[in-house]
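Asks: One structure, pasted below without further comment.
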Amino acid sequence: MPAHSDPFRKTPWWTFYAEPVKTYREILANYPMAYSIMMALVAGFAMMLQHLYSHGLARHDVPGSMMLQAFVFGPFFGLAVYYLAGIVLRIISARFGGKGSAEEHRTIWAWSFVPYLSGVVLLWIPLTIAMVVRARLWLHLPDWLKDGLLGMEIFLYYAFIPFWGWSLYIFVLGLTIINRYSWRSAILTTIIAYVAFGLVAWLLIIWFHFLGALIF
């Protein structure tokens, strides 16, 4: 992207919050496909980690094991979703008069995870620390501290919702940009894709989770 006078405005990690439309146009025009694939790999890790966390909070799973499973299987999951997203979104968008190509749909899908990944970095580091302390010292902690740590984990987990919401917003925005259609069409595309594509993604997560349980 072109250089800015403000060093904090040089990358999508900042500009997606202030200038999402301009940022998308810069990415579509100037960023090679390899960058989108890299984003898809990282997004796959984050999605797999969130899935494992959501189950691990209830079962008191060891945080290190969850991180390792996400690191091993997450990038494969992200890459599979990345290529499926281009096909599924292109087919659905075309029904509403969308003009975007499969590659453009993959690009906006991958880069819409920027806020999502920001939330992972800001919130899941302290969340992991709290889980490690609770997992390692559970039998030796007083009840009030156990409840406090568990409450902190739940708070940090749900504090992630605004980051997820902004990712969803810029994804829908990206659909309007590449397909040159209305917000209504973009929202309908998102809902239909979530139902059709979400089932595939869920099956992939379950499969990788099953493999992780066998290996780890």
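The values are calculated or read from the model by the stated rules, or taken from the named source; none is laboratory data. Because the structure is a prediction, the values reported are computed rather than measured. When we count neighbours, we look across all protein chains shown, and the Cβ atoms used for this are built from the backbone with ideal geometry, even at glycine. Surface areas here come from the heavy atoms of the whole protein model, side chains and all, with no ligands, DNA or RNA. Shrake-Rupley method; radii C 1.70, N 1.55, O 1.52, S 1.80 Å.
Asks: Between SER182 and MET38, what is the label-to-label distance in nm when each label sits 7 Å out along the Cα-to-Cβ direction?
Replies: Here the modelled spin labels are 3.9 nm apart.
Asks: With only Lys, Arg, Asp and Glu charged, each at its Cβ (+1 for the first two, -1 for the last two), find how big the charge dipole of the stretch 78-208 is about the Cα centre; round to the nearest 20 debye.
Replies: It comes to approximately 400 debye.
Asks: Describe numerically, in nm with one decimal, the distance between label points set 7 Å from Cα along Cα→Cβ at LEU168 and at ASP143.
Replies: Between LEU168 and ASP143, the label points sit 3.7 nm apart.
Asks: Can you run phi through the Karplus equation (6.51, -1.76, 1.60; θ = phi - 60°) for the stretch 166-174 and list ³J(HN,Hα) in whole Hz, with x for Gly and Pro?
Replies: Per-residue couplings from phi come out as 5, 4, 5, 4, 6, 5, 4, 4, x Hz.
Asks: With θ set to phi - 60° and the Karplus curve 6.51 cos²θ - 1.76 cosθ + 1.60, what are the ³J(HN,Hα) couplings of the stretch 122-128 in order, to the nearest whole Hz, using x for Gly and Pro?
Replies: In residue order, the calculated couplings are 6, 10, 7, 5, x, 4, 5 Hz.
Asks: Rounded to the nearest 10 Å², what accessible area does ARG25 show when all protein chains are kept and the probe is 1.4 Å?
Replies: 140
Asks: Using θ = phi - 60° and the Karplus relation 6.51 cos²θ - 1.76 cosθ + 1.60, list the HN-Hα couplings for the stretch 75-82 in order, rounded to whole Hz, with x at every Gly or Pro.
Replies: In residue order, the calculated couplings are x, 5, 4, x, 5, 4, 5, 4 Hz.
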